[in-house]
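> Would you mind keeping the following structure in view while I ask a few things?
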Amino acid sequence: MSGASLGAGNHGAAVPQVQNSRSAKVFLRVLVAGLAGAATFVLSGLLNQEDDNLWEWTMSIVLGCAVLIVQYLVAFGERFEKVDRRFNEILAATTLFSQVDGSVLRSDEVTRLVLGYTKVRESGGDIAQAFAEKELGRLAKMMEGLGSGSADCPGENHEWLIDITDCVKMTLDATSTSVDREFWTSGPAERYLAAQEKAIKRRGVEIRRLFVVRDANEVTPELEALCESHRRRGIEARIAVRSPESNPKVNDFIIFDGELCYETQPDLESNPDGTLLRAEPEHVEDRVTQFTELWAETSETA
């Protein structure tokens, strides 16, 4: 049976259930009112010993009606509270989407995200729903981080690297130390370089890369060949020799359009241990200054 037919069957079965629930509530209210009226009739009969029982009937009817009215007023108050809460939720959602409409992020992408997640919740299995929730949580965390100027994740996030390269419009300045030297022979590196080559040819992006070494002995024929392979793709590539006394220490970082830094954090064994995105203007400016000074110290033939 398909998910659609199953959903339709559940919806059809839900309608009688709702109607039965409402009928039960009405019956219960009338029953309570009747019991209150009967109790009033008995009590007033005990207090009034006259033969005329008009008083008992009047009091029982009045009190029974009052009980019934009070129940409906309480129910109305509860429903009004739910409606008010739902209205506030709708108002908040409307405000949110109005902000999205006025932002750089296109509202249709947000709508696709919400609709896609809704479909997974409706028709996906438990594992698919769990995975969707985990991915949504990861996306939310990244958005919150970027909103505050910094986002991070464990390991080396190649998808961030390639996606941001696809978004760069003007400049890309990068350093490459021994920490990520093995990266250049990997599959993600080929995708990354292809994205850079496309950025150069299609959008006129200027890309500069410094291969940083600590000693002249590290300038091997393999490193020179790697540098030359980048140049053939249209990237301005140089080798910067840093002495052990050089200060400050150079880490792997990439500056996109002078606005966003992608940085990898090494572990104790100098392997990439984490990825950090930094958008704080002061931090980006420091990285731009550091790269500019390193580039100026390096000859064009290096």
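> Please determine, by comparing only the residues of the stretch 184-229 that are of a type in the set (Val, Ile, Thr) and not in a strand (DSSP E or B), which one is surrounded by the most Cβ atoms within 10 Å (Cβ to Cβ).
The initial filter retains those residues of the stretch 184-229 that are of a type in the set (Val, Ile, Thr), namely 185, 200, 205, 207, 212-213, 219-220.
Restricting the remaining residues to those that are not in a strand (DSSP E or B) gives 185, 200, 205, 219-220.
Details: THR185: 9, ILE200: 16, VAL205: 21, VAL219: 15, THR220: 10.
Going through the qualifying residues, I end up with VAL205.
> Which of the residues belonging to the stretch 143-153 are over 27 Å from GLU206 (Cβ atoms), in a helix (DSSP H, G or I) and in contact (Cβ under 8 Å) with a residue 60 or more places away in the chain?
The one that is over 27 Å from GLU206 (Cβ atoms), in a helix (DSSP H, G or I) and in contact (Cβ under 8 Å) with a residue 60 or more places away in the chain: GLY145.
> With (1) in a helix (DSSP H, G or I); (2) at pLDDT below 75 as the list, and LEU105 as the residue in question, which single condition is left unmet?
(1)
> For ALA151, indicate whether it is of a type in the set (A, V, I, L, M, F, W, C) and over 13 Å from TYR262 (Cα atoms).
Considered against the rule, which asks whether it is of a type in the set (A, V, I, L, M, F, W, C) and over 13 Å from TYR262 (Cα atoms), ALA151 comes out as no.
> Another question, if that's okay. Report, ordered by the first and then the second residue, all pairs with beta carbons closer than 9 Å, sequence separation of six or more or different chains, a first member in the stretch 214-236 that is hydrophobic (A, V, I, L, M, F, W, C), and a second member that is in a loop (DSSP other than H, G, I, E, B).
VAL219/ALA302; CYS227/ALA302
> Then there is this: Out of the residues in the stretch 154-182 that are touching a residue at least 60 places away in the same chain (Cβ under 8 Å) and in a helix (DSSP H, G or I), which is nearest to TRP295 (Cα to Cα)?
Here the residue is SER178.
> Given the options PRO188, PRO244, name the one that is modelled with pLDDT under 95, in the same structural domain as PHE291 (by TED's automatic domain parsing) and under 37 Å from the mean Cα position of the chain (by Cα).
Of PRO188, PRO244, the one residue that is modelled with pLDDT under 95, in the same structural domain as PHE291 (by TED's automatic domain parsing) and under 37 Å from the mean Cα position of the chain (by Cα) is PRO188.
> Is it true that some residue in the stretch 178-192 is among the hydroxyl-bearing types (Ser, Thr, Tyr) and farther than 30 Å from GLU297 by Cβ?
no
The values are calculated or read from the model by the stated rules, or taken from the named source; none is laboratory data. No experiment lies behind these values; they were computed from the predicted model shown. Methodologically, a virtual Cβ is constructed for each residue, glycine included, from the backbone with ideal geometry; neighbour enumeration extends over all protein chains shown.
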